[in-house]
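What follows is one structure encoded as structure tokens, with my remarks underneath.
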Amino acid sequence: MVLIRNDLNISNMAKKITNKNEQLVINQIITKAPERRVYDVGNWRQAMRSADIGRVKPLYDLFDEILIDGVLSDAIDKRIEAVLNAGVTFIDTQNEEVPELTEMINSSAGEQMLRSIMDQRFFGRAGFEVDFSNGFSCQPIKPKYIDLQHQKILLNDLGDASVSYVGNSQILILGHPLDYGLLLKAAPFAIYKRGGFGDYAQWIELFGMPQRIGKYNTYDPESRKLLEEAFEKAGSAPWVVIPKESEIETLTHSQSSGKSSYDEFRKACNEEILITILGQTLTTVQGERGARSLGDVHMEVEQNKHDGDIRFVERILNERVRPMLELRGFDLKGGRFLFPKEAEPLTVADIVNLSEIIPIPASFVHQKYGIPMPKDGEQIARKQTQEVIEVQKTVEPPK
């Protein structure tokens, strides 16, 4: 059971603390849209140098922009979803689950809390503010408003107004100064890929469409005007008008070589992004040779990443979130948050072999494979043994 000190419910306890703080910090932050523009690698380096001297806004605006990349955002979602799907519980000193806390941490607000904790992996810093005045709610604090060096929450983009988060029992901040997460490493490849697609689009516009050449008689300038008017009205394909006596030559690579170059560049950028975030590539993109065997190895590498994320979130819940809940009135001494380890999947052969060692309820097998329990008198489907009919051969006596 969850115990509240002095028999106070969660809402009453939260009202007292909220009145003390007067106003939630998250409601004081003036949020503005990130700066949307075309970034290059030079902007990335400049933003990184700016963050090193304490001004992190340009870097995190750049992160917001590159997260439009589908491969990058999907790789991040993979790691976050692996933690969310693992299912966290809270067990007491008797190793029994506390349903109330488990339900709270698996609510929508609890999911937002887990997402905010995982954001520290990718942004280098993360934070959220909890509130129990009207149930349980959790509001994330964007990384660019977190000043780790001075332990403050910035209230605007300029940073001229701030509030200290030290001693605030409703705010949890994660991260270390000069740590900007995995997005710092993945950013140049996302920028390169976006620029590569722009170059590829320009190449297609120049060389992907057939070029039309019109030739006119030098002594007939009117025919030149007629050719130009005809080409302008005949679509957007490139064209050129030259005298019949002139020659024109365009030196280009073959279309296949140009296409393969841009495609290889795109794949190289995607691979670097996936290796940075997931540690491997084959669980997201298709391999060329030995995809099944290599895929198993890459899946194991990705699983190691997920296991590390689960241990990280579990430590934060027990070392940082649990004290926050205790300050809110929960008696959680001796208990802990836990991600139960998944049992190995059992095949039919495994169940048959285990049934010779331990008793297995028939209901478990029916539920596992979705087979309804047979009713009384209902015919049972089972392997039929073939009936053997013995035929005796009569031997006639010799004449």
Dividing the mean separation of Cα pairs under 8 Å (6+ apart) by the residue count of region 49-166 yields a relative contact order in percent of 16
Here, Q23 and Q46, labelled 7 Å along Cα→Cβ, have an inter-label distance in nm of 3.5
Counting only residues 5 or more places away or on other chains, whose amide H sits under 5 Å from the amide H of Y216 once H atoms are built in the peptide plane?
-> I242, K244
State which entries of K193/K225; K78/K368; K78/K144; K152/K333; K32/K78 exceed 32 angstrom in Cα-Cα distance in the structure shown.
-> K193/K225
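Shape of region 10-153 from its Cα gyration tensor (a ≥ b ≥ c, root eigenvalues): rounded if a/c is under 1.5, otherwise prolate when a/b > b/c, or oblate?
Working: a/c = 2.63, a/b = 1.52, b/c = 1.74.
Oblate is the answer for region 10-153, as a/c is 1.5 or above yet b/c matches or exceeds a/b.
Readers should treat all values here as calculations from the given coordinates under stated rules, not as data from a laboratory. Source: prediction; values computed, not measured. For neighbour counting, all protein chains shown are included, and Cβ atoms are generated from backbone atoms with ideal geometry for every residue, glycine included.
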